[in-house]
Structures are given as C-alpha cells and as structure tokens.
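> Structure incoming, see below.
Rule-based calculations on the coordinates, nothing more; no lab input. Fair warning: this is a prediction, and the values are worked out from it, not measured in the lab. Because the Cβ atoms are built from the backbone with ideal geometry, glycine has one as well, and the counts that use them run over all protein chains shown.
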Amino acid sequence: SVTMKIDGLYRIYAPRNQSTPGGLQRYAKQNYAAEISAPIDADEIVHYIYESLEPDCTAQGIHLHCESFHCMVFAKRNMLISVLNNLLFNSLEHAHCSTIKILTEQTLKFCKISVIDDGIGLTPDTDPFRPYYSETAADGNLGLGLYLCRQFMHAMGGELTYERIAKKSIFTASVPLA
C-alpha cells in the first residue's frame, strides 16, 4: 500500500489486489481499527466535508446546503469523515437530486448528522445496508459502501439509518456525545 497526505489527512491506498471484498475488509481494518476514538467537534467534520464536496456539487448543478453547530462527539475522526463522504458521494452519484442538505442535531446522548437529498430514493422495502446490494451494480459498484459505513458507525458506538420521508432520502449517522 501507499500512504499519501491529502488535506492534512494520511490516507492509505490499497494495491489493486485489495479491491476484492476480502481485500476491502482488510483495508478497512488496516486503516480504521488502529485509529483511536477521541472527542472531536462534529461541526468541524461537517464543514470539512462541505468545503471538500461543494465544488463537485456546484459542477453538477446540485445545491449543497449545511446546517451545523458545535457538538462534541466521541468518534474516530477519519472513520467519521469516511462515512459522511460515502453518504454524500452516494447522493452525488446515484440520487439524481438537485439539493443535498447536511444537518446536525443533538439529542440527549447523540449528535445526529443527516445527509438529506431530494433524489429518486431507493426501491421500497430495500435494506440499503445489506452487503453486496447495489441498485447500480452495472457501474462496477460492489454494494459494500453503506454496509461498511454502518459497521464503522457501530464500531464507534453509533448507528446509521435510512428513511424516505416526503420525497427525501435521509441517511443519519448518530455519533455518541463526548
């Protein structure tokens, strides 16, 4: 593997032979298992994601909107960034939407970070977290992204959920408060 520093983060890129499902699991363990959970500001993470992806959204004619506030969570920084990036990339690549909103809210024990889009949504009665499930498998999509994201959230003591309400797809990452 090759380690590169991008945007102040060290990222490990796996060789091509790790693009298999077993290789993806090894990659995830190597890159995230050793990361230590720590108190971090969810607002900082959300704004980092927003600033990173806003140009891509604008280029595709998608309005990216962010409503976030300072909320200290106990999480693995790179793992949380990976989860949120995946949720936003899914909206960008598959939802056929015109608007994506990142919203944070605090409950008694969690900071909930939602990625909401006005796109086509998933087929009803679909479990989007089922491994190897993809509505776009023809694009070379293995259908592991949301499955791994949910596993990452569980590893941090959180949860990842999906719901479709009023023609909006809502993926919510619930992260424990620090």
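> Net charge near Ile170: determine it from the other residues with C-beta under 9 Å of the C-beta of Ile170, scoring Lys and Arg +1 and Asp and Glu -1. Don't skip to the end; give the middle numbers.
Values: positive: Arg164, Lys168; negative: Asp117, Glu163.
Here the charged neighbours net out to 0.
> Please list the non-local residues whose amide H lies under 5 Å from the amide H of His63, H modeled 1.01 Å from N, same-chain partners needing a gap of 5 or more.
Those qualifying (amide H under 5 Å, at least 5 residues apart or on another chain) are Thr99, Ile100.
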